[in-house]
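Trainee: Before anything else, here's the structure in question.
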Amino acid sequence: QVQLVESGGGLVQPGGSLRLSCAASGSISGINTMAWYRQAPGKQRELVASITSGGSTNYADSVKDRFTISRDNAQNTVYLQMSSLKPEDTAVYYCNAYVTLRFTFQSKAYWGQGTQVTVSS
């Protein structure tokens, strides 16, 4: 019904930058909150940042002032601009979207497949 496709992960040196993208497609009437989560090896998945359809944002304390979340509502796409990256930012990053489905108008949360971000020298 709904697919989330992430891109932009990779290997970057400490202090570097990366930009993640996540495009939602399918039977979409609207998208409320979009968010990025991450999961490091041996750790629980954690919220990195979220953004509502109106543009209100929320960040984990560990990424404030370094990461910026934004979205293009017309393209059903969310972005995560990551700067001043640290080795502890290494994780698989997952996109999440709370979608209202076309025709049924049910609301459900969907996940992307994840994209690896590795911060290492």
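Trainee: Kindly write out, for the range 66-81 in residue order, the coupling ³J(HN,Hα) from the Karplus curve 6.51 cos²θ - 1.76 cosθ + 1.60 (θ = phi - 60°), rounded to whole Hz, with x marking Gly and Pro.
Mentor: Once θ is set to phi - 60°, the couplings for the range 66-81 become 10, 10, 10, 9, 8, 8, 10, 5, 5, 9, 6, 10, 10, 10, 9, 8 Hz.
Trainee: Here's something else I'd like to know. Using a 1.4 Å probe over the heavy atoms of the protein chains, calculate the carbon and sulfur portion of the accessible area of the range 3-121 as a whole percent.
Mentor: 46 percent
Trainee: Quick one: which residues, 5 or more positions from Ser29 or on another chain, have an amide H under 5 Å from its amide H? H modelled 1.01 Å from N in the peptide plane, none for Pro or chain starts.
Mentor: When sequence neighbours closer than 5 places are left aside, the close amide H contacts are Thr100, Leu101, Arg102.
Trainee: Which of Ala49, Ala35, Val63 sits closest to the plus end of the dipole of the range 28-121, meaning its Cα is farthest towards the positive end, when Lys and Arg get +1 and Asp and Glu get -1 on the C-beta?
Mentor: Among Ala49, Ala35, Val63, the one farthest towards the positive end of the dipole of the range 28-121 is Ala35.
Trainee: Please give the Cα centre distance for the range 1-37 versus the range 47-90, rounded to the nearest Å.
Mentor: 10 Å
Trainee: Under unit Cβ charges (Lys, Arg +1; Asp, Glu -1), what dipole magnitude, rounded to 20 debye, does the chain have relative to its Cα centre?
Mentor: Dipole about the Cα centre, nearest 20: 160 debye.
Trainee: On to the next question. Accessible area per residue for the chain in Å², computed with a 1.4 Å probe and the full protein assembly in place, what is it?
Mentor: Accessible area per residue: 52 Å².
Trainee: Relative contact order (percent) for the chain, with alpha-carbon contacts under 8 angstrom and 6 or more residues of separation?
Mentor: With pairs under 8 Å counted, the relative contact order is 36 percent.
Trainee: Out of every Cα pair in the chain, what percent are spaced more than 20 Å from each other?
Mentor: So the portion of pairs separated by more than 20 Å is 38 percent.
Trainee: Another question about this same structure. Spin-label point model (7 Å from Cα, Cβ direction): what's the Thr104 to Val5 distance in nm?
Mentor: 2.3 nm
Trainee: Can you tell me which lysines have their Cα less than 24 Å from the Cα of Lys86? Leave out same-chain residues fewer than eight positions away.
Mentor: List returned: Lys43, Lys64.
The values are calculated or read from the model by the stated rules, or taken from the named source; none is laboratory data. If you're wondering where the values come from, they're calculated on a predicted model, not measured in any experiment. Heads up, the Cβs are rebuilt from the backbone with ideal geometry, glycines too, and the neighbour counts pull from every protein chain shown. Ligands, DNA and RNA are excluded from the accessible area calculation, which covers all protein heavy atoms including side chains. Shrake-Rupley method; radii C 1.70, N 1.55, O 1.52, S 1.80 Å.
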